[in-house]
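I have placed the structure first, in the form of structure tokens, so that the comments after it can refer back to it.
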Amino acid sequence: KLLFNKHLKEKEFLDIVYWTRTEFPQEEYPPKERVVFEGEGVFDAFMSGWSLETKKYTTDITIKVLDEKQILIGRKKEFEEMTTILSRPNKNNALLIGEPGSGKNSLVEALALNSYLGSVQESIAHKRVYQLMVGFLVAGVKEMGDLQARLENILEELSHAGNVILYIPDLENILGSTSFHIDLTGALIPYLRGKHIPIITSITPAAYRNYAEQTGSFIELFEAVRVEPLEREDAVQML
């Protein structure tokens, strides 16, 4: 009677349901009374070999999302496009093009969680997702050659591991633009052409037009995923 007296429309009722899902998750997912095995094996994290350089200059997104387990809203189409690209045998690098705050990072975090749970394509299931910290990468480096060698060491470690997807946010930072004034495309190209490390990167539409489109041979190694502004209904659900 309360719902009818408020003259709720169907869409408004659905918004309430979405809100309830996030506020009372135990109603939809009550505590299980049996042991459930999900995610990677208990020893999988030890099977990748040493990664000394990787730990210095990257952060593990998988560990972060296991604590949060956020629900992806309004980006199902973009998520499917991204995972399809990453699961390809060739040209398996995704370029997320969208304005700041459009949800590019949320797509990567959703990938990390779903890959851990094994609910994506088999070729990208049970992989760790690492984010390259460009600020740490360039800190203290005086020569471009030393910086390229540092990045190549990281990529070599990840390539050897075989169970990692690398995320490089704000691609413009390593295209010779912005305050970093560095161009690391030469070090990335051999690994973008390989099959061992699926790579995701993000860029704003303006930076894509100004910098990326000028590096034709480099940008062709990525498949673009447009992260457009949300529709009003999706934005309400997200809020």
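The values are calculated or read from the model by the stated rules, or taken from the named source; none is laboratory data. Keep in mind the model is a prediction, meaning the values are calculated, not measured. Here the Cβ positions follow ideal geometry from the backbone for every residue, glycine too, while neighbour counts run over all protein chains shown. Surface accessibility is based on the protein's heavy atoms, side chains included, excluding ligands, DNA and RNA. Shrake-Rupley method; radii C 1.70, N 1.55, O 1.52, S 1.80 Å.
Test residue 152 against the criterion of being closer than 25 Å to residue 229 by Cα and either touching a residue at least 40 places away in the same chain (Cβ under 8 Å) or surrounded by fewer than 23 Cβ atoms within 10 Å (Cβ to Cβ) (or both), and give yes or no.
No; evaluated as a whole, the condition is false for this residue.
Counting only residues that are at pLDDT 80 or above, touching a strand residue (DSSP E or B) at 6+ places or on another chain (Cβ under 8 Å) and either open to solvent by less than 10 Å² (accessible area, probe 1.4 Å) or not in a loop (DSSP other than H, G, I, E, B) (or both), how many does segment 170-183 have?
3
Looking at (1) part of a loop (DSSP other than H, G, I, E, B); (2) closer than 24 Å to residue 68 by Cα, which one does residue 142 not meet, given that it meets all the others?
Residue 142 satisfies every listed condition except (2).
Could you tell me whether residue 6 is modelled with pLDDT of 60 or more, open to solvent by 90 Å² or more (accessible area, probe 1.4 Å) and more than 22 Å from the chain's Cα centre (by Cα)?
So residue 6 passes the test.
With surrounded by 14 or more Cβ atoms within 10 Å (Cβ to Cβ) and under 12 Å from the mean Cα position of the chain (by Cα) as the only criterion, which of 103, 98 stands out?
Exactly one residue qualifies, and that residue is 103.
So, in segment 192-229, exactly how many residues are free of Cβ contacts under 8 Å to residues at least 24 places away in the same chain, part of a loop (DSSP other than H, G, I, E, B) and basic (Lys, Arg)?
0
Can you pull out the residues in segment 126-135 that are in contact with a helix residue (DSSP H, G or I) (Cβ under 6 Å, 6 or more places away or on another chain), within 13 Å of residue 164 (Cβ to Cβ) and assigned to a loop (DSSP other than H, G, I, E, B)?
Once the filter is applied, which keeps residues that are in contact with a helix residue (DSSP H, G or I) (Cβ under 6 Å, 6 or more places away or on another chain), within 13 Å of residue 164 (Cβ to Cβ) and assigned to a loop (DSSP other than H, G, I, E, B), segment 126-135 yields only 127.
What number of residues within segment 121-148 satisfy the criterion of being open to solvent by less than 40 Å² (accessible area, probe 1.4 Å) and touching a residue at least 12 places away in the same chain (Cβ under 8 Å)?
9
With the checklist (1) without any contact (Cβ under 8 Å) to a residue 60 or more places away in the chain; (2) of a type in the set (Lys, Arg); (3) under 27 Å from residue 87 (Cβ atoms) in hand, flag the one item residue 232 doesn't pass.
All conditions pass for residue 232, except number (3).
Is segment 187-210 home to any residue that is under 19 Å from the mean Cα position of the chain (by Cα), of a type in the set (A, V, I, L, M, F, W, C) and open to solvent by 60 Å² or more (accessible area, probe 1.4 Å)?
no
Could you list, in sequence order, all residues of segment 77-126 that are at positive phi and touching a Gly at 6+ places or on another chain (Cβ under 9 Å)?
Across segment 77-126, the qualifying residues are 103, 118, 126.
In segment 212-226, which residues are surrounded by fewer than 21 Cβ atoms within 10 Å (Cβ to Cβ) and under 24 Å from residue 103 (Cβ atoms)? Talk me through it step by step, then tell me what you get.
To start, the set of residues in segment 212-226 that are surrounded by fewer than 21 Cβ atoms within 10 Å (Cβ to Cβ) comprises 213-221, 223-224, 226.
Answer for segment 212-226, where residues must be surrounded by fewer than 21 Cβ atoms within 10 Å (Cβ to Cβ) and under 24 Å from residue 103 (Cβ atoms): 213, 219, 221, 223, 224, 226.
Which one is nearest to residue 170 (Cα to Cα), of the residues in segment 85-116 that are part of a helix (DSSP H, G or I) and of a type in the set (Gly, Ala, Ser)?
Taking the candidates together, the pick is 106.
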